[in-house]
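Engineer: I am attaching a structure below and will ask some questions about it afterwards.
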Amino acid sequence: MTAPARSIAFDVLCRVSIEGGYSDYACNAPDVARLQARDRNLVTEIVYGTLRWQGWLDFLLSRVSARGWEEIDPRVGVLLRMSLYQISRLERIPAYAAVHEAVEIARARVGHGAGRFVNAILRRLARERPWQAPGLQDALPETARVSLPEWLWRRWAARFGTAQALAYARSLLDPPPRYVRLRASGLKRPETLGALELSDVVPGAVLERGDAPAGTEAGAPQDEASQLIPHLLGALEGCLLWDACAAPGGKTAILLALAGERGRVVASDLHEARARHLRAAAGGAASSALDVVVADATQAPFRARFDAALADVPCSGLGTLRRNPEIKWRLRPEELPRLAALQGGILQTVAGQVRPGGLVLYSTCSTEPEENDGVVLSFLATTRGFRLVRPTAPPGIDAWTDGQGFVRTYPSTRGWDGFFAALIARNS
């Protein structure tokens, strides 16, 4: 009989790697939530670790397998990866236990032949332990060393230089720090903070310390860089605001707090299912200052003119690879121009709904110039009456703002996600 944690980790990885699911949703599915905390943590560790290190794992597996990956049942490939990850990178898990469980899962889910194949591969790897061989890391191809697809590694090496690209790519192999968005009640009651450490950059962002999840009373999980974005708009007390691509709602919650009792926030999303969850996710279930609507941000849906608008547009997500590591194995370079066209259309529409003298904040959780500088500079070159302005809030933001006035965050510089933001003013 297999342990539930490894069996469920296998199911989750199959949903992500074979069926096209998303790791964050799959790791919060009912079958995972029902597990005891220790098993739930093990599932999360195996799933995210396997996806982050997939390129490295595949290289080691390919050296001992007589079959090419295209010949192997995808379920067997998933099982080999997750088992090798446990054997090679989780010291607390005995190799014999990981091998035994993998063989049992292979027999039950694929067949006895698969069980024999998995047994042979994993026993050899557990015996030889090639990852401990002197000089192996230096001998690895760079794509395996940093666990990236070749096209993405080449892109980053050309843009950043090899040394900086290596540092950046390696930072994506580490689990992200656990930040919480502090609710107003948490700020008023500091005794609820417990083991939370206040951010020195982002107001209301706190870092969780210790093993146990903290902050369920004080706040909700949200990356520090994600929390930073709404604050770039500055003082918004009493303003009418539009959050144009609002789901899942974390930034909406911050806008609602910044607008205050006299302000109002309209939060929209293209998809009805996502919009339905927006109000609760934004913490504004009982707020009369929040309007949630289903709307297409490319179609100018409102007659009103907003004081400010946030266009946190759909993007590649390449800045979030520690949280969503499956993206790097799924995304194709030809998708970037298509995304840029969509993003440019949203920016054009959102900017047109802001009053003269108002502000538009464009942001992505991507590091790629096509989605960032390219979209903003194209908009400014083709649209009269708008100008780029340098953010002055929150205090200290200048350290994260480049010479053009763009805000950029990188996991390799602070541990937060990779975000891009541009603050644009409409002329009076």
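Engineer: Could you check residue 327 against (1) at negative phi; (2) touching a Gly at 6+ places or on another chain (Cβ under 8 Å); (3) in contact (Cβ under 8 Å) with a residue 24 or more places away in the chain and say which number it fails?
Structural biologist: (3)
Engineer: Turning to a different aspect of this structure: Please specify each residue of segment 260-281 satisfying the condition of being small (Gly, Ala, Ser) and surrounded by 24 or more Cβ atoms within 10 Å (Cβ to Cβ).
Structural biologist: The answer is 267, and nothing else.
Engineer: Please state which of the following conditions residue 298 fails to meet, knowing it meets all the rest: (1) more than 24 Å from residue 352 (Cα to Cα); (2) surrounded by fewer than 19 Cβ atoms within 10 Å (Cβ to Cβ).
Structural biologist: Evaluating residue 298 over (1) more than 24 Å from residue 352 (Cα to Cα); (2) surrounded by fewer than 19 Cβ atoms within 10 Å (Cβ to Cβ) leaves (1) as the failure.
Engineer: Got at least one residue in segment 316-324 being closer than 21 Å to residue 228 by Cα, surrounded by 16 or more Cβ atoms within 10 Å (Cβ to Cβ), among the aliphatic types (A, V, I, L, M) and at pLDDT 95 or above?
Structural biologist: Yes, some residue in segment 316-324 is closer than 21 Å to residue 228 by Cα, surrounded by 16 or more Cβ atoms within 10 Å (Cβ to Cβ), among the aliphatic types (A, V, I, L, M) and at pLDDT 95 or above.
Engineer: Right, something else. From (1) more than 22 Å from the chain's Cα centre (by Cα); (2) on the phi < 0 side of the Ramachandran plot, pick out the condition that doesn't hold for residue 385.
Structural biologist: Failing condition for residue 385: (2).
Engineer: Right, another one. Scan segment 411-422 and give yes if some residue there is polar (S, T, N, Q), surrounded by 13 or more Cβ atoms within 10 Å (Cβ to Cβ) and in a strand (DSSP E or B), otherwise no.
Structural biologist: Among the residues of segment 411-422, not one is polar (S, T, N, Q), surrounded by 13 or more Cβ atoms within 10 Å (Cβ to Cβ) and in a strand (DSSP E or B), which makes the answer no.
Engineer: Of the residues 134, 176, only one is part of a loop (DSSP other than H, G, I, E, B), of a type outside the set (S, T, N, Q) and within 21 Å of the chain's Cα centre (by Cα); which?
Structural biologist: Result of the check over 134, 176: 176.
Engineer: Would you check which residues across segment 257-300 are assigned to a helix (DSSP H, G or I) and under 18 Å from residue 362 (Cα atoms) and list them?
Structural biologist: If the condition is that a residue be assigned to a helix (DSSP H, G or I) and under 18 Å from residue 362 (Cα atoms), then 258 is the only one that fits.
Engineer: Return a yes/no flag: does segment 153-169 have any residue that is loosely packed, with under 14 Cβ neighbours inside 10 Å and within 19 Å of the chain's Cα centre (by Cα).
Structural biologist: no
Engineer: Looking only at segment 100-131, which residues are more than 22 Å from residue 11 (Cα to Cα) and under 34 Å from the mean Cα position of the chain (by Cα)?
Structural biologist: 125, 126, 129, 130, 131
Engineer: Okay, moving on. Please go through segment 111-163 and pick out each residue that is closer than 20 Å to residue 322 by Cβ and of a type in the set (A, V, I, L, M, F, W, C).
Structural biologist: Listed by number, the residues that qualify are 144, 146, 148, 151, 152, 153, 156, 157, 160.
Engineer: If you take the residues in segment 45-82 that are among the aliphatic types (A, V, I, L, M) and not in a helix (DSSP H, G or I), which one is modelled with the highest pLDDT?
Structural biologist: 72
The values are calculated or read from the model by the stated rules, or taken from the named source; none is laboratory data. What you are looking at is a predicted structure, and each value in this text was computed from that prediction instead of being measured. Ideal geometry is used to build each Cβ from the backbone, glycine not excepted, and the neighbour counts take in all protein chains shown.
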